Amino acid sequence: MSTSTPIRPELREWILATTRAGHGLPAVLRLMEENGYNPRQSRSIVAEVLKVPLAALHATTQHAAAKAPQGMRTKHPEAPEVIVDGHTIGVSLSVDAPTLRVLDGILSEQECTDLIELARPRLQRTLTVDTDGRYQVDQRRTSEGTFFAINELPLIGLIEQRLSRLLEIPVDHGEGLQILHYLPGQEYEPHYDWFDPELPSFGPMTKWGGQRIASVVMYLNSPEQGGGTAFPGIGLTITARRGSAVYFAYEGGDRTSLHAGLPVIRGEKWIATKWLRERPFRNRRMA
Ligand SMILES: O=C(O)CCC(=O)C(=O)O
């Protein structure tokens with residue numbers, strides 16, 4: 001098996017030395033992925049350097065993945081309601097595939113107003129991540145937005161604690177809260193929030209915190225028309241209503257979790273999005 005790009009001599013030497021030192025193939029592949037190689041590329045390179053059939057390598061890593069300790073998963077809120085620190089959150093819709101809940105009253109009116117006003121002066125064009133892990137302006141995502149660092153302000157910390165207790169996952173498994181603002185015509189076309197292990201961006205995007213496991217989209221206002229969150233695979237659209245949220249959980253590769261921020265038709269739309277990781281997350285910023 002030959003790879004499409006030549007293997008650098010230092011990399012070849014490192015693979016040989018690491019395996020001679022007693023590290024197994026899954027460990028070598030994991031280290032390569034942590035250094036930015038995508039899984040397919042790493043398997044081809046290791047197979048070529050060690051003269052192992054690619055199929056054998058694939059089987060080894062699948063077996064290792066099956067045995068690898070899993071990161072954390074969120075607890076899905078159960079209907080009819082969950083009380084967190086005296087705050088009652090209604091569960092008005094539950095879906096099994098994808099795992100999805102509509103959460104009513106997750107934020108108070110005042111919290112929604114305050115989040116909008118805190119974010120307004122910081123708004124910038126929202127970006128996405130390209131297949132190589134670089135941030136890019138993308139016609140599929142036309143909103144403006146900003147991030148808050150974990151516990152950056154008392155209100156941010158309070159909301160993070162509420163989500164942490166509701167979903168039974170530590171605050172440090174969350175990425176910084178992102179506030180998004182959409183004007184008429186602006187949208188976020190259908191996409192997945194998990195990172196695709198087959199893309200070169202997988203290594204850099206999951207280096208800190210591992211895979212994303214759940215998203216919470218909290219609505220800070222009610223657009224006059226349009227702006228719902230659609231799950232096209234199951235024909236479901238969640239209405240954006242001030243103070244409510246849609247929570248959905250997934251494993252990497254879960255195609256039922258395809259979703260979109262539909263174009264706003266009249267008025268404007270403000271949301272706060274929280275993405276959760278299987279392990280503690282250390283980077284401040286994500287697209
Ligand atoms: O705007 C929405 O309703 C969805 C936002 C979204 O999908 C995201 O930020 O990942």
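Derivation of every value follows stated rules applied to the coordinates shown; laboratory data play no part. Since this is a predicted model, take the numbers as computed values, not measurements. Note that we place each Cβ from the backbone using ideal geometry, even for glycine, and neighbour counts take in every protein chain shown.
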note = Charge dipole of region 81-277 built from unit charges on the beta carbon (Lys, Arg +1; Asp, Glu -1), centred at mean Cα; most positive-end Cα among Leu163, Gly227, Val95 is Gly227
message = Can you return the aspartates and glutamates within cross-link range of Lys269? Criterion is Cα-Cα under 18 Å, with same-chain partners fewer than 8 residues away left out.
response = Asp104, Glu109, Glu111, Asp114, Glu117, Glu144, Glu187, Glu189, Glu224
inquiry  = Can you compute the modelled spin-label distance between Glu81 and Ala17, with each label point 7 Å from Cα toward Cβ, in nm?
reply    = 6.3
Cα gyration tensor category, rounded, prolate or oblate, for region 157-262 with a/c compared to 1.5 = oblate
key: Charge dipole (the chain, unit charges on Cβ, about Cα centre) - positive-most of Leu276, Ile150, Phe195   = Phe195
request  = List the aspartates and glutamates whose Cα lies under 13 Å from the Cα of Lys75, skipping any in the same chain that are fewer than 8 positions away.
outcome  = Glu168, Glu278
remark   = Sorted on mean Cβ neighbours within 10 Å (highest first), peptides 9-18, 237-246 come out as 237-246, 9-18
message = Can you tell me the convex hull volume per residue for region 200-251, based on C-alpha atoms, in Å³ to the nearest whole number?
response = 122
message = Relative contact order of the chain, please, whole-number percent, based on alpha carbon pairs below 8 angstrom and at least 6 residues apart.
response = 21
query = Can you work out D for the chain in µm² s⁻¹ from Stokes-Einstein, where Rh is the Kirkwood radius over C-alpha pairs, the temperature is 10 °C and the viscosity is 1.306 mPa s?
reply = 78
